[in-house]
Amino acid sequence: MSGFFEYVGQCMPQLFTGLKFTLLMTVCALVLAVIIGMIACLFSISKMKPLNWISGIYLSVIRGTPLMVQAFFIYFGLTSALGIRISAFNAAILVLCLNAGAYLSEIFRSGIAAVNKGQMEAARSLGLPYGVAMRKIILPQAIRIVIPSVLNQFIITLKDTSILSVIGCGELMRQGQQIIAYNFRAFETYTIVAVMYYVVVVVLTKVFQMIERGLANK
């Protein structure tokens, strides 16, 4: 057992570097995903058919293809077709924000639908334009409703980062694979990686539950 803990100590510096990249990727991707998701949501509920089509195609493609396929398509396929080069880290953020954005779009749409329709009608009867009523009355209430789901998407996206080891991004899973390639101790290394993911997810879950309770008490 002492040998295992000694091995854990040897691996930790490299694995913590991977964990730092994992958390950074998750935060950057979710910030962009919220923006993309809100835009796609507004497109989907717009009365303009072309915007509905754009949103529908985007959601259909993202929800209908695996994350790994999206990663290969963007990092290898799209960059090759356009003749450009981007780092694996930037490609990973792009893949994650597009993927999470599609699911956040549906979350936001359900939040807007949950707001009483009478509030929009009342705002319009007072002379507020649709956009102003949506921005100042409907969206603030919808965002409050969907916060628990958005926080849950944060955890989902964090776990999805492990898939992006396939494009060579230096996140936690990739660092574990590099350690295994060097010493061939797969069982111990994957055990440490799994425990690190588990601890982070449990801590985030507790923090998010505290946030949800705080919002519920307001």
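Nothing in this text is a laboratory measurement; each read-out follows from the coordinates by a stated rule. Since the structure is predicted, the reported quantities are computational estimates derived from the model, not experimental observations. Reconstructed Cβ throughout: ideal geometry from the backbone, glycine too, with neighbour counts over all protein chains shown.
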(message) I'd like to check something: does the stretch 171-193 contain any residue that is within 18 Å of the chain's Cα centre (by Cα), surrounded by 14 or more Cβ atoms within 10 Å (Cβ to Cβ) and among the polar types (S, T, N, Q)?
(response) no
(message) So, in the stretch 162-188, how many residues would count as being within 25 Å of PHE5 (Cα to Cα) and in a helix (DSSP H, G or I)?
(response) 16
(request) May I ask you to verify whether LEU78 is under 28 Å from SER162 (Cβ atoms) and aliphatic (A, V, I, L, M)? (result) yes
(message) Can you find a residue that is outside any helix (DSSP H, G or I) and of a type in the set (Gly, Ala, Ser) anywhere in the stretch 46-59?
(response) yes
(message) Looking at GLY168, GLY214, can you tell me which residue is surrounded by fewer than 18 Cβ atoms within 10 Å (Cβ to Cβ), touching a residue at least 24 places away in the same chain (Cβ under 8 Å), farther than 20 Å from ALA33 by Cβ and small (Gly, Ala, Ser)?
(response) GLY168
(request) Looking for whichever is β-branched (Val, Ile, Thr), touching a residue at least 12 places away in the same chain (Cβ under 8 Å), assigned to a helix (DSSP H, G or I) and surrounded by fewer than 15 Cβ atoms within 10 Å (Cβ to Cβ) here; the options are THR26, THR22, THR17. Which one fits? (result) THR17
(message) Looking only at helices (runs of 4 or more DSSP H) that lie completely in the stretch 74-161, which have at least 1 residues being among the aromatic types (Phe, Trp, Tyr) and surrounded by 16 or more Cβ atoms within 10 Å (Cβ to Cβ)?
(response) 88-114, 139-160
